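First up is the structure itself, then whatever we jot down about it.
The values are calculated or read from the model by the stated rules, or taken from the named source; none is laboratory data. All values derive from a computational prediction rather than experimental measurement. Please note: Cβ atoms are built from the backbone with ideal geometry, for glycine as well, and neighbour counts cover all protein chains shown.
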Amino acid sequence: MAKGTVVQKIIDKHFISGSKITGEPLAVRIDQTLTQDATGTMAYLELEAMKIPQVKTELSISYVDHNMMQNGPENRNDHLYLRSVAAAKGVKFSRPGNGICHQVHLERFGEPGKTLLGSDSHTPTGGGIGMMAIGAGGLDVAMAMAGKPFRMASPKVIGVKLTGELRPWCTAKDIILKLLSIMTTKGNVGCMVEYCGPGIETLSVPQRATITNMGAELGVTTSLFPSDQRTKAFLEAQERGDKWVELIADADVEYDRIIEIDLAEVEPMAACPSSPDNIKTVSELAGGKVEQVLIGSCTNSSLRDLMLVAAMLKGKTVHEEVTLSIAPGSRQVLEMLARNGALADMIAAGARILESGCGPCIGQGQSPANGTISLRTFNRNFAGRTGTKGDQAYLVSPEVATAAALTGKFIDPRTLEMAYPQIAEADKFLINDDMIIEPPCCGKDIEIIRKPTIGNPPGNEALAMDIAGQVAIKVGDKITTDHIMPAGVHLKLRSNIPAYSQVVFECFTEDGKPSFAERAAAIRDAGTPGVIIGRDSYGQGSSREHAAICPMFLGIKVVVAFTIERIHAANLINFGILPLTFADQADYDKIEENDVLQLNGIREQLAVGATIKATIIKTSGDKYDIILNHNMSEEDIEIILSGGRLNMV
């Protein structure tokens with residue numbers, strides 16, 4: 001691990017066991033956890049399954065911010081369960097309407113130098129105030145709440161050196177888009193990004209949080225800034241100045257890699273469909289007709305962001321062919337906008353004000369029309385994530401989004417006949433934590449409300465001695481957890497695994513042909529394990545452990561790809577699915593759906609080393625021997641052999 005970094009200092013303070021040699025297994029103590037309702041229900045069901053009476057962290061918070069539309073009883077059933085189980089287990093509960101977990105946690109609970117584990121991939125937002133904030137699957141978060149350490153690879157630390165200062169109309173969003181154009185969304189497993197250099201002093205905490213939030217798209221474990229005077233000013237404005245500690249890198253710091261970005265050279269950028277690393281400058285896209293603009297999400301919904309939007313809209317009207325919707329990130333932000341008049345400016349301009357929640361970022365409403373361009377200040381634009389097949393979603397800054405809302409087209413905001421609004425940092429935020437429910441001192445007498453739409457975590461069998469698995473599906477590069485487990489209208493099924501499993505890989509279903517769920521279930525019911533074959537960067541995106549739970553429920557035992565992203569690989573292991581990679585990528589071309597992947601003596605092979613001998617048996621009867629690899633730790637292997645972490649617990 002790189003020396004003298006902020007990363008090293010936090011790990012040193014929280015080190016439990018393992019090795020600090022880069023790439024080696026490492027275990028750290030977790031101070032805080034957060035969950036949200038789309039992933040949290042399963043996490044607390046798993047915590048209950050462990051029979052843990054009270055959480056053992058310094059602070060754990062259950063947020064409701066995803067499933068807010070309540071089409072049918074399922075979402076509210078989840079919320080009642082989450083509220084009651086939080087009270088029973090000693091967890092704070094953030095009520096619906098209080099805001100997006102990452103925004104609220106940054107405002108009210110994050111602390112520099114602390115570790116935070118969250119059941120949402122954008123938990124690294126907390127890195128904006130110097131936390132080591134990591135996204136993980138719900139079961140890993142449940143383990144942390146149970147007092148267990150979090151295990152990861154000792155990280156490679158990438159220093160991103162910022163120099164200079166942003167010019168008007170150029171933003172924090174453009175900084176992270178620039179970095180995505182350099183690092184891309186793949187190849188960064190096992191890395192952490194640490195921002196350094198004189199340029200960081202010019203960035204406020206909300207700007208830093210935008211950058212660390214969308215750092216999740218890099219595929220790194222987390223991203224973080226030092227905790228300095230800008231951090232102190234933010235915490236004091238939140239009346240939490242007592243939580244500030246200085247945390248900066250040593251003067252002689254050594255990074256494993258350095259990337260330099262001159263902020264003065266950053267220009268307005270956009271992530272084009274359908275990947276956050278498909279980057280172009282806005283000037284390249286200028287003139288393209290825009291039909292929908294959405295401003296919000298945990299990336300760009302801070303007070304500073306929305307005050308700027310309001311200033312741009314003041315006295316103007318949204319273009320007649322554009323719909324503009326704005327979602328403040330927290331109740332604090334919404335109320336402050338309402339009190340200072342900025343909300344009225346937005347409404348007067350024709351903006352539609354959405355609830356303080358995730359909403360359209362996860363496909364919960366506001367789907368664009370077919371064949372139209374949608375500009376979003378969000379963090380992901382995976383194909384179909386908007387709820388519209390063949391969508392054309394672009395990720396941009398609030399400045400670019402608002403310029404498009406006013407003009408009806410892609411336009412470089414630097415060409416607007418408008419002075420750049422100067423938005424001062426708030427020296428005092430409105431403090432009102434009434435929507436946070438504190439747990440009682442002892443929750444043993446609390447009745448946990450469990451409505452009929454809430455099931456239990458499905459079980460799995462221990463790994464067999466030999467596996468002869470049938471290939472249920474073969475997919476390509478950059479398969480996201482949205483491909484595997486769609487969100488949107490299906491999110492309300494998260495607590496019902498048999499129902500939710502019916503939409504696994506729904507995006508690949510062809511008209512008139514069996515779905516993946518039907519094929520996999522038929523293989524399972526025939527007594528045969530199922531296998532998924534992928535290519536590069538399999539499982540990128542969300543932390544949703546359902547992308548492992550539901551395939552497991554359908555009988556999947558093995559996933560083989562070129563690379564498997566960190567959180568998804570951990571989730572596969574947690575639920576007893578064997579994650580393997582091709583030693584020779586050319587072997588991918590030899591395998592087709594319905595072929596058999598034979599792994600003889602797999603338990604012994606895992607005990608011997610990282611190389612696995614396998615045989616492909618074609619439907620024709622032809623056979624090919626291939627070599628597969630794994631990078632699992634001894635504990636990972638123990639979990640796999642047991643059939644998943646819950647079996648061990």
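Structure notes:
- Screening GLY159 on (1) buried (at least 21 other Cβ atoms within 10 Å of the Cβ); (2) in a helix (DSSP H, G or I) shows it passes everything except condition (2).
- Meets criteria (charged (D, E, K, R), modelled with pLDDT of 95 or more, within 28 Å of the chain's Cα centre (by Cα) and assigned to a loop (DSSP other than H, G, I, E, B)) for GLU267: yes
- Among the residues of the stretch 53-63, those identified as touching a strand residue (DSSP E or B) at 6+ places or on another chain (Cβ under 7 Å) and touching a residue at least 40 places away in the same chain (Cβ under 8 Å) are THR57, GLU58, LEU59, SER60, ILE61, TYR63.
- Meets criteria (buried (at least 24 other Cβ atoms within 10 Å of the Cβ), among the aromatic types (Phe, Trp, Tyr), at pLDDT 95 or above and not assigned by TED's automatic domain parsing to the domain that holds GLY138) for TYR588: no
Residues are listed down the side, and each one gets a yes or a no for (1) within 28 Å of THR212 (Cβ to Cβ); (2) of a type in the set (A, V, I, L, M, F, W, C); (3) in contact (Cβ under 8 Å) with a residue 60 or more places away in the chain:
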| residue | (1), (2), (3) |
| --- | --- |
| ILE326 | yes, yes, no |
| SER330 | yes, no, yes |
| ALA342 | yes, yes, no |
| MET346 | yes, yes, no |
| GLY357 | yes, no, yes |
| GLN366 | yes, no, yes |
| THR372 | no, no, yes |
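- Residues that are of a type in the set (A, V, I, L, M) and closer than 22 Å to SER301 by Cβ within the stretch 201-235 comprise LEU203, VAL205, ALA209, ILE211, MET214, ALA216, LEU218, LEU224, ALA233, LEU235, listed in sequence order.
- Only one of the numbered conditions (1) within 25 Å of GLY187 (Cα to Cα); (2) free of Cβ contacts under 8 Å to residues at least 60 places away in the same chain; (3) not hydroxyl-bearing (Ser, Thr, Tyr) is violated by GLU260, and that is (2).
- Residues located in the stretch 352-394, provided they are surrounded by fewer than 19 Cβ atoms within 10 Å (Cβ to Cβ), touching a helix residue (DSSP H, G or I) at 6+ places or on another chain (Cβ under 9 Å) and of a type in the set (Val, Ile, Thr): ILE353
- Test for ASP412: is it over 21 Å from SER301 (Cβ atoms) and without any contact (Cβ under 8 Å) to a residue 24 or more places away in the chain: no
Here's the yes/no breakdown for (1) in contact with an Asp or Glu (Cβ under 7 Å, 6 or more places away or on another chain); (2) surrounded by 14 or more Cβ atoms within 10 Å (Cβ to Cβ); (3) closer than 15 Å to VAL531 by Cα; (4) modelled with pLDDT of 95 or more:
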position: CYS442; (1), (2), (3), (4): no, no, no, no
position: PRO452; (1), (2), (3), (4): no, no, no, no
position: GLY455; (1), (2), (3), (4): no, yes, no, no
position: PRO458; (1), (2), (3), (4): no, yes, no, no
position: ALA462; (1), (2), (3), (4): no, no, no, no
position: GLY469; (1), (2), (3), (4): no, yes, yes, yes
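- Tally of residues being closer than 22 Å to GLY130 by Cβ and either more than 21 Å from the chain's Cα centre (by Cα) or surrounded by fewer than 22 Cβ atoms within 10 Å (Cβ to Cβ) (or both) across the stretch 23-52: 4
- Pair list, Cβ under 6 Å, 6 or more apart: the stretch 617-637 residue farther than 20 Å from GLN585 by Cα, other residue polar (S, T, N, Q) and exposed (fewer than 15 other Cβ atoms within 10 Å of the Cβ): THR619/ASN594
- Unique residue being part of a helix (DSSP H, G or I) and either in contact with a His (Cβ under 7 Å, 6 or more places away or on another chain) or assigned by TED's automatic domain parsing to the domain that holds GLY72 (or both) when the list is ALA522, ALA547: ALA547
- Subset tally (residues that are surrounded by 15 or more Cβ atoms within 10 Å (Cβ to Cβ) and in contact with a strand residue (DSSP E or B) (Cβ under 9 Å, 6 or more places away or on another chain)) for the stretch 594-612: 9
- Checking ILE454, ILE479 one by one, the residue that is β-branched (Val, Ile, Thr) and either in contact with a helix residue (DSSP H, G or I) (Cβ under 6 Å, 6 or more places away or on another chain) or on the phi > 0 side of the Ramachandran plot (or both) is ILE454 and no other.
- Filter pass, ILE573 being assigned to a helix (DSSP H, G or I) and among the β-branched types (Val, Ile, Thr): yes
- Only residues that are aromatic (Phe, Trp, Tyr) and assigned to a helix (DSSP H, G or I) were counted in the stretch 162-189, giving 0.
- Every pair of residues 6+ apart whose Cβ atoms lie under 9 Å, when the first sits in the stretch 392-404 and is aromatic (Phe, Trp, Tyr) while the second is surrounded by 24 or more Cβ atoms within 10 Å (Cβ to Cβ) and part of a helix (DSSP H, G or I): TYR394/VAL400
- Candidates ASP427, ASP445, filtered to the one that is free of Cβ contacts under 8 Å to residues at least 40 places away in the same chain and out of contact with any Ser or Thr (no Cβ under 8 Å at 6 or more places or on another chain): ASP445
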